[in-house]
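Visitor: After the structure tokens below, expect a handful of questions from me.
Every number here is computed from the coordinates shown, using simple stated rules; none is lab data. For clarity, every value in this text was computed on a predicted model and none was experimentally measured. Note that each Cβ is placed from the backbone with ideal geometry, even for glycine, and that neighbours are counted across all protein chains shown.
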Amino acid sequence: MIRSMTGFGAGRSSASGEVVEAEVRSVNHKFCEVKARLPRELVPLETELVRQVKDRLARGGVEVTLRRSATRGTTVPRVDIELAAAYARAFGEVRERLGLSGGVGLSDVLAADGVVTLEDRAVDLEAAGTAAMEALGLSLDALVTMREREGAALARDLEGRLVVVEGIAARLAEITPRSVEDYRARLHERVAELSRGLAPDPARLATEVALFADRTDVTEELTRLGSHLAQMRQMLGSAEPAGRKMDFLVQEMHREANTVGSKSQSVDASSAVVALKAEIERIREQVQNVE
């Protein structure tokens, strides 16, 4: 079944205290273009991330966003032992010189400026990478599910439009022969009128009618159109990405419709061609959404 190019998916995973949330959004695009928004510490994962996305998706403008957090605290205390020792000696000297009672306590040293500072906890890149790839996989699973669901709706709509095109083509196949007969009658009347009652040459009339029939014959165009419709219908049930092929087929359908229109010699045929082109254009718009 065909898939749409639009969708959204989210996933979350953790490994060794590293937690990563992933979101993937996709919209229509001629190719598969991936844009990644990563925390600075996860930038080294970008190449692998893009590769995994392209392994799962054939087409679409894809935006991937990763957010990292941690189950443990994100900061850790750091004690400057040398500075603490210097404070302890200084406090001791002050106590001795001023003749103060009591000793220098741990709380006094730790409270001194600069002895204890908070630093960001080092990122466990291996664990963060594992969590990121797992979260990405989950989000891609959800995205693909949505694209498949949208694709099923597209397939139903396109199937209905193919039926409409087939009906118009069948109508044109009926109208064209009548155009030849109408031309034969008009030509006979016109020749009789101009010849002032003289019987027209049957052989010459037959030749003119044959030339007209050849110029207005749309059998080949309608046959090719039928072939394009059959291929399109086959692609609707294909599991392989078919958007580009379907887009090409729609262009060919437009080409056949234009040729049929240039050969149309009756109001009914011209009206049918207008309806045919309009329906093919609706198909083209829908095909732009197919992966």
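Visitor: Can you pull the one-decimal nm distance between simple spin-label points at Leu110 and Arg37, each 7 Å off the Cα toward Cβ?
Guide: 4.1
Visitor: Still on this structure: Out of residues 5 or more away from Ala36 or on other chains, whose amide H comes under 5 Å of its own, with H placed 1.01 Å from N in the peptide plane?
Guide: Long-range HN contacts for Ala36: Val64.
Visitor: Here's something else I'd like to know. Tell me, how many Å apart are the Cα centres for region 230-270 and for region 23-83?
Guide: Rounded to whole Å, the Cα centres lie 42 Å apart.
Visitor: Find the eigenvalues of the gyration tensor of the Cα atoms of region 75-120, then list the square roots of 5 times those eigenvalues as equivalent ellipsoid semi-axes, largest first, in whole angstrom. Working shown, then result.
Guide: Values: eigenvalues 126, 16, 8 Å².
Largest first, region 75-120 gives 25, 9, 6 Å.
Visitor: Across region 235-243, in residue order, what do the Karplus-derived ³J(HN,Hα) couplings come to in whole Hz, using 6.51 cos²θ - 1.76 cosθ + 1.60 with θ = phi - 60° and x for Gly and Pro?
Guide: Each residue's phi maps through the Karplus curve to give 5, 4, x, 7, 7, 7, x, 10, x Hz.
Visitor: For Lys263, list the lysines whose Cα falls under 26 Å from its own Cα; do not include residues on the same chain fewer than 8 positions away.
Guide: Counting by Cα, and skipping residues close in sequence, Lys263 has these lysines nearby: Lys277.
Visitor: May I ask you to list the lysines whose Cα is less than 19 Å away from that of Lys30, ignoring any residue fewer than eight positions away on the same chain?
Guide: Result set, ordered by chain and number: Lys54, Lys245.
Visitor: At a Förster radius of 22 Å, what calculated FRET efficiency corresponds to the Cβ-Cβ distance of Thr47 and Phe8, to the nearest 0.05? Mind showing how you got there, number by number?
Guide: Working: r = 24 Å, r/R0 = 1.07.
E(calc), rounded to 0.05, equals 0.40.
Visitor: Now for a different question. Would you mind calculating the gained length between Gln265 and Asp217 on full extension (0.36 nm times residue separation, minus the Cα-Cα distance), in nm to one decimal? List each step's numbers first, then the result.
Guide: Values: separation 48, 0.36 × 48 = 17.28 nm, distance 1.04 nm.
Extra length available between Gln265 and Asp217 comes to 16.2 nm.
Visitor: Here is a further query. Quick check on the exposure proxy: order Val27, Val267 from fewest to most C-beta atoms within 10 angstrom. Walk me through the intermediate numbers first.
Guide: Details: Val27 13, Val267 9.
Fewest-to-most Cβ neighbours within 10 Å comes out as Val267, Val27.
Visitor: ³J(HN,Hα) across region 220-228 via Karplus (A = 6.51, B = -1.76, C = 1.60, θ = phi - 60°), whole Hz, x for Gly/Pro?
Guide: Karplus-based 3J(HN,Hα) across region 220-228 equals 4, 5, 5, 5, 5, 4, x, 5, 4 Hz.
Visitor: How would you order 271-281, 77-87 from highest to lowest mean count of nearby Cβ atoms within 10 Å? Mind showing how you got there, number by number?
Guide: Values: 271-281: 18.1, 77-87: 12.9.
Output ranking for 271-281, 77-87: 271-281, 77-87.
Visitor: Could I have the simple spin-label model distance between Arg233 and Glu159, label points 7 Å from Cα toward Cβ, reported in nm to one decimal?
Guide: If labels sit at Arg233 and Glu159, their model points lie 1.1 nm apart.
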